[in-house]
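All remarks here apply to the structure that follows.
The values are calculated or read from the model by the stated rules, or taken from the named source; none is laboratory data. Everything numeric here is computed off the predicted structure, so don't read it as measured data. Neighbour counts are summed over all protein chains in view; Cβ atoms, including those assigned to glycine, are modelled from backbone coordinates with ideal geometry.
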Amino acid sequence: MIDVLLVASDTPRQGAAPSSVAALRARGARVLLAGYVDPSRVPPELLGVELLRLPWEDPARPQATARRLWRHTRRDAALRRRARAADVLVALDPAAVYTVWQLAQRNVRADAVHGLAPALRAVEARAEGAAPGAARLSPRTAVLHAAALSRRVGGGLRGGCVRALRFPYGRRVLRTGAGARTWRYALAAPGIPDELRARAARTIARRLRQAGRPTGAALALHGVARRVRGPQLRGELLADAAAEDLRAGRDTARVPEGIASALSAADRHHAQGAPGPTAAALLRALSLLFHRQRHLDALSSPLADDPEGYLRPWRNSRAARAALTPRGRAAPAAPPPSGRPLRLLTVTSGNANFMPLLQEHLAADARVETRALDLSEHQQLRHLTAAPRRQLETALSGGDTEYGRLADRLLRPYLDWADTVFVEWCAAQAGLVTAVDPGTARIVVRLHSYELFTPWPQLTDFSRVDDVVFIAGHVRDLAREVVPALDGHGAPHGPRLHTLHNALDLSGFARPKDGAARFTLGLVGATQVVKDPHWAMEVIRLLRRHDQRYRLLIASGPLNPRVGAGARAYHGLLERDFAELEPSGAVHRLGPCTDMPATFTRIGVVLSSSVREGSHCAVMEGAASGAVPVVRDWPFFAQRPTGARTFWPAEWVVRTPEEAAERVLALTGSEETWRAAGRAAARHAHGTWDWPRVRPTYERLLFSTEEVDAQGGRNSPHHT
């Protein structure tokens, strides 16, 4: 028996339908008629057909029939059950096409057709043994029938297409390829006003992303961008499509197109004297240029590979150049005071991980009076810090905006009190502090490494910064290429550039290690993709081919897969590594460790597997404990003049997991060799990075105006 489900938005009229139904029954089909069917108007020829009636709808409002028919169908459990069991699904009229298509997505073995003649052919084919599901409605057919019906009854082309966009787009539908294509067809329908089309595209894109189809979201937005006529709206949609691609972990050709369109829009707005829209367009470009998928959740970065080429579109933008115009300061910074303590204000925004030792030392120094401002704990300043668009608008307006006036009012008491302001991290806090004239306060900004791969150095006015502190020479050299203001371009006098190590207390790490530590490698901190712990897994695999005693301890919290597609993919790779290596004891996760000196007593070899680092304090601490350092030649800097090989002793640095394994085997071959190598590493660490060695460099920074280079290398061209 072949089960046929007929779906109708109205009672079939006497004539063709009854005779065709009789033909279906003559071929052995069992027929069910469902929909908005009035039993009192059913032709006599259909009285023997089983009926399943949906709630009666007002025939005076046929324009809503198609939408309501599907809504009532999906809520009727009996009809859904019969549809799942049917062999042939038939739409008797155009308003039923969309409902039949939806039902067919849930019963993939059923044939789905429009009209009784195709239904007869489908039943005959079934009777002759044809494959189930051979006849299917296309998504385009479903949408165009819906739009056509709405046009007939709803007032023209625009009304029809708009109503087509209102059909259900739940996750269950959009998870299917057919469902996703359906809405792309609907968005491409003619006659929809640009604003309405764009609004619908963004809604569909959001639903597609929620349904797990981010690529479909990008395609929907990009397709609509090609159809709208206004350059502003087109640019916004192209940027949105690029953002969807990056959110999905795909760095496609749509990304540079989105950047170019956003910058073009910014230049148009700037030419029209509209700082607000200009700032919004510039921020769209920056969000794509510095998207975390391109730099932070990846094992390579186009910015690190070619800073000049990568940033050329940004630097060629007239609007961007206007936003980055140095505003300078009304008066130069005053020299350090004599006759009273130096008033030092430290500015942070939540992350003060590298500050405690420095702050503790300065608080105990009679020559310094200190205050601390954590912007994250000040409600109004916190909101100003997280407002890059308003910062850009203020820069474009010469500072005369509500944002600029509020920032000045809130920061002025701190700036008037301070002789020196030390801004930790060249991130949002640096952008906020330099959004106002600092008066005579000296502004010092410390840049670690991560910040260069974010928009914030582009939004910092370095003409208001007196000193920039880098924690490594390779970071300083890359910063000069990423931020021209640090290399004398864009300002008559750039800030002084200093290279100072982080403040570390290594005195507590000199503890005895037992002999088992010789075969234990340690990796500290693996919560980010750039730490690349998979590289360390490759090293331990190679070592265990020689000796099963080698193992890897990971002292770290977990990598968060929810921050982006790149992190999610890398997390999956790591979980496969753990599934392979943990059962045998080759790898053991310790979780976050608060007592690192105690943890390092168990570790005989300290690894740095990162693709990018500023300095990697864990290696310094591990070396100070007597662990043998094995440092990857950080790929972000490996092809540059300065990098891991100029920061560390050259013999510590390796290029590949094979070289790392060779170094470990050579230096752990005997306990005597291992301990001798550990003592040499400890001597270097304590003599180079311990606080008694580093402290004088910070004192020189604060109490003089000379340039401090504790690591060697080029100095600022303005102060040599």
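Pro641 meets all of the listed conditions (1) in contact with a Pro (Cβ under 9 Å, 6 or more places away or on another chain); (2) surrounded by fewer than 21 Cβ atoms within 10 Å (Cβ to Cβ) but one, namely (1).
Conditions (1) outside any loop (DSSP other than H, G, I, E, B); (2) modelled with pLDDT under 95; (3) in contact with a helix residue (DSSP H, G or I) (Cβ under 8 Å, 6 or more places away or on another chain); (4) not assigned by TED's automatic domain parsing to the domain that holds Val611, marked per residue:
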residue: Thr642; (1), (2), (3), (4): no, no, yes, no
residue: Ala676; (1), (2), (3), (4): yes, no, no, no
residue: Ala682; (1), (2), (3), (4): yes, no, yes, no
residue: Ala685; (1), (2), (3), (4): yes, no, yes, no
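Filtering the stretch 454-466 to residues that are surrounded by fewer than 23 Cβ atoms within 10 Å (Cβ to Cβ) and closer than 25 Å to Thr646 by Cβ leaves only Thr454. Consider the stretch 398-435 and keep the residues that are assigned to a loop (DSSP other than H, G, I, E, B) and over 30 Å from the mean Cα position of the chain (by Cα). The one that is surrounded by the most Cβ atoms within 10 Å (Cβ to Cβ) is Ala418.
Restricting the first member to the stretch 570-587 and to residues that are within 11 Å of Pro533 (Cβ to Cβ), and the second to residues that are of a type in the set (S, T, N, Q), the beta-carbon pairs closer than 9 Å and six or more apart or on different chains are His571/Asn560.
Beta carbons closer than 6 Å, at least 6 apart along the sequence or on distinct chains, pair a first residue in the stretch 672-696 that is within 13 Å of Val628 (Cβ to Cβ) with a second that is of a type in the set (Ser, Thr, Tyr) and in a loop (DSSP other than H, G, I, E, B) for Trp674/Thr668.
Remark: Ala352 falls outside the filter, which requires a residue to be in contact with a His (Cβ under 7 Å, 6 or more places away or on another chain) and under 28 Å from Ala485 (Cα atoms). Whether a residue is of a type in the set (S, T, N, Q), part of a helix (DSSP H, G or I) and more than 22 Å from Gly566 (Cβ to Cβ) was assessed, and Thr346 does not pass this test. Restricting to the stretch 330-371, and then to whatever is surrounded by 16 or more Cβ atoms within 10 Å (Cβ to Cβ) and small (Gly, Ala, Ser), can you tell me which residue is nearest to Arg464 (Cα to Cα)? In this case the residue turns out to be Ala333.
If we scan the stretch 376-390, do we find a residue that is of a type in the set (Gly, Ala, Ser), free of Cβ contacts under 8 Å to residues at least 24 places away in the same chain and farther than 18 Å from Val421 by Cβ? Yes, there is a match, as at least one residue in the stretch 376-390 is of a type in the set (Gly, Ala, Ser), free of Cβ contacts under 8 Å to residues at least 24 places away in the same chain and farther than 18 Å from Val421 by Cβ.
When the residues of the stretch 591-613 are filtered to those that are hydroxyl-bearing (Ser, Thr, Tyr) and within 30 Å of the chain's Cα centre (by Cα), the one that is nearest to Ala555 (Cα to Cα) is Thr594.
Do the conditions hold for Ala366, that is, is it assigned to a loop (DSSP other than H, G, I, E, B) and over 33 Å from the mean Cα position of the chain (by Cα)? For Ala366, the condition - assigned to a loop (DSSP other than H, G, I, E, B) and over 33 Å from the mean Cα position of the chain (by Cα) - is met.
One residue is enough: does the stretch 501-521 have a residue meeting the conditions assigned to a strand (DSSP E or B), within 26 Å of the chain's Cα centre (by Cα) and not assigned by TED's automatic domain parsing to the domain that holds Leu282? No.
In the set Glu257, Glu244, only one residue is surrounded by fewer than 21 Cβ atoms within 10 Å (Cβ to Cβ), in a helix (DSSP H, G or I) and of a type in the set (Asp, Glu); that residue is Glu257. With respect to (1) without any contact (Cβ under 8 Å) to a residue 40 or more places away in the chain; (2) of a type outside the set (Phe, Trp, Tyr); (3) surrounded by fewer than 23 Cβ atoms within 10 Å (Cβ to Cβ), the lone exception for Pro657 is condition (1).
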